[in-house]
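Here is the structure we will look at.
A short reminder: the numbers here are calculations on the coordinates, not readings from a lab. All values derive from a computational prediction rather than experimental measurement. A quick note on method: Cβ atoms are made from the backbone with ideal geometry, for glycine too, and the neighbour counts reach across all protein chains shown.
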Amino acid sequence: MPDTLTGLAPAKINLTLEIGGTRPDGYHDLSSILQTLALADEVTLQPAASTSVENTGPFADGSPGGPENLAWRAVDALADALGREPEPLRIRIVKRIPAAGGLGGGASDAATVLRLLARHWPGVSENALATAATGVGSDEPFFLAGGTALVEGRGERVTPLPDLPGHGVVLFIPPDTLPNKTATLFRALDRDGRVDEPTVSTALAERLPARVTGADLYNSFERVAFDCFPGLAGLWEQIEARTGEAVRLAGAGPTLFWIGPVNETERVRNAAEGLDCTIIPTATAGSPWLR
Ligand code: C5P
């Protein structure tokens, strides 16, 4: 293995997220169109005497530094899938994606570790990568591909779709998230009781590539997010009133996002300036592995 391996780990938004019933394994069936963004962490791997994870950058706080970091777990999961010993690595992550915000940052870091190792460990098949990715979490299989894709099952069935044409995206990140957030949001949906059929995802998949706005999109978690995240409903209203645009919840939240024409990005960003959230302007982007 060379001295240093470096790769980008993009954030994602869910253009659609339709959550079906609970499965025998306790997970939920999903139908979701995911899209990678230009906003990305940077992951660097170096051979070392023992494994460590070091987070730097604007969103280093809130990202675990130990074996529970998904990037560390990815090394172990790939070694497991190949029946070999994990190689000790110094993992450095420049965190530009807020943690636990619904943007998939940790899962993307893990998938980037898998892609980097696949270039340098002998005998890594796409099958072993997929097994390792699913073993780490439900968003990881998507990040092995990136771009625009339909994700089904627990998250392990990934069908690439035609790339969305370039869109501007503005992320609005509230100051607080929740411990154990994703599981908490799924439990809130279970109490809500309604089960979504994958109608919006199927219809959008068929009409891609297409231009979209928030009004075309759908996320089952929006039914419970206002109850789970104090202050989110007020922030959502303020953003929509100031910008005159529909915004949506990113994944299990609490990040809200606007998507639309690239040349509107600056106006939307400026209109929300001063609200109680961190604002990050970015854009949709294809797979970093194909660039
Ligand atoms: O697989 P991952 O660790 O990303 O999922 C976090 C939690 O979200 C799981 O423990 C589970 O409670 C819930 N989940 C689910 N159905 C999915 C994906 C995640 O219920 N398809």
P(r) tail for the range 5-160, what percent of Cα pairs lie past 22 Å? 37
With Cα atoms, 0 to 90° folded angle of helix 70-82 axis to the chain main axis: 50
Summed side-chain charge close to L256 - residues other than L256 whose Cβ falls under 14 Å, Lys, Arg +1, Asp, Glu -1: -3
Around P281, under 10 Å between beta carbons, what's the net of Lys plus Arg minus Asp minus Glu among the other residues? 0
Principal axis dimensions, largest first and in whole angstrom, of the range 168-283 by Cα: 40, 36, 21
What ranking of S125, S201 emerges when the number of other C-beta atoms within 10 Å of each C-beta is taken as an exposure proxy, fewest first? S125, S201
The chain: angle of helix 105-118 to the longest principal axis, Cα-based, in degrees nearest 10: 30
Could you give the distance between the Cα centres of the range 56-122 and the range 242-291, to the whole Å? 25
Two-decimal ratio, the chain, of alpha-carbon radius of gyration to 2.2 N^0.38 Å: 0.97
Sorted on mean Cβ neighbours within 10 Å (highest first), peptides 48-55, 222-229 come out as 222-229, 48-55
When a footprinting reagent is the concern and you count Cβ atoms within 10 Å, what order do F257, F59 take, fewest first? F59, F257
